[in-house]
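Here is the structure we will look at, set down as structure tokens.
The values are calculated or read from the model by the stated rules, or taken from the named source; none is laboratory data. Computed from a predicted model, the values in this text were never measured in an experiment. Ideal geometry is used to build each Cβ from the backbone, glycine not excepted, and the neighbour counts take in all protein chains shown. For the accessible areas, the whole protein counts, side chains as well, though only heavy atoms, and no ligand, DNA or RNA atoms are used. Shrake-Rupley method; radii C 1.70, N 1.55, O 1.52, S 1.80 Å.
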Amino acid sequence: MKLALKVVPNARKSEPMEWEEDPRVGRVLKVRIAAAPVEGKANKEVVLFLSKWLNVPKSQISILRGETGRIKMVEVPDVCEDFLSRWGS
């Protein structure tokens, strides 16, 4: 499944924040990431964070769009859909 993220880099720790509406892509999950947005460090941390939080292998998560921006479209396994639909509701 595709998941839109709004990434806030340079946080103290990586954590999910809230769902919000973005005029460009619709509903996005805002996440704090404990990495700087340089040399791909934040992107690697996004994949690592999602892997741990969703309890899926890193190899099953990929960034489809937005590698250089704060809004990212990522692909996660379909089994995560139920967890994500219940989270933050």
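Between P23, P37, P57, where does the largest GNM mean-square fluctuation fall for the chain, given springs only between Cα atoms within less than 10 Å? Top of the fluctuation ranking is P23. By accessible area, using a 1.4 Å probe on protein heavy atoms only, the chain has 48% of its surface on carbon and sulfur. From the largest down, region 1-79 spans 30, 27, 20 angstrom on the principal axes of its Cα atoms.
Take the convex hull of the alpha carbons in region 41-86; its mean projected area over all directions comes to 3.2 nm². Relative to the Cα centre, the charge distribution of region 1-45, modelled as +1 at Lys and Arg Cβ and -1 at Asp and Glu Cβ, gives a dipole magnitude of about 100 debye.
Which length gain, in nm to one decimal place, applies between W87 and K52 when the Cα-Cα distance is subtracted from 0.36 nm times their residue separation? Display every interim value, and only then the final one.
Numbers: separation 35, 0.36 × 35 = 12.60 nm, distance 1.51 nm.
Full extension of this stretch gives 11.1 nm more.
Selection among V56, A42, V25 by position relative to the dipole of the chain gives A42 as farthest towards the positive end (Cβ unit charges, Cα centre). Relative contact order of the chain: 31 percent, from C-alpha pairs under 8 Å at least 6 residues apart in sequence. Largest GNM mean-square fluctuation across R32, R24, R65, computed for the chain with C-alpha springs under 10 Å, falls on R24.
Hey, what's the chain come to in accessible area per residue, 1.4 Å probe, Å²? Walk me through the numbers before you get to the answer.
Values: 5530 Å² over 89 residues.
That works out to 62 Å² per residue.
Using the rule -39500 (n - 2.57) for each DSSP H run of four or more residues, divided by the residues of the chain, the 222 nm mean residue ellipticity is -6500 deg cm²/dmol.
Comparing V38, V28, V74 in a Gaussian network model of the chain (Cα springs below 10 Å), the most mobile by mean-square fluctuation is V38.
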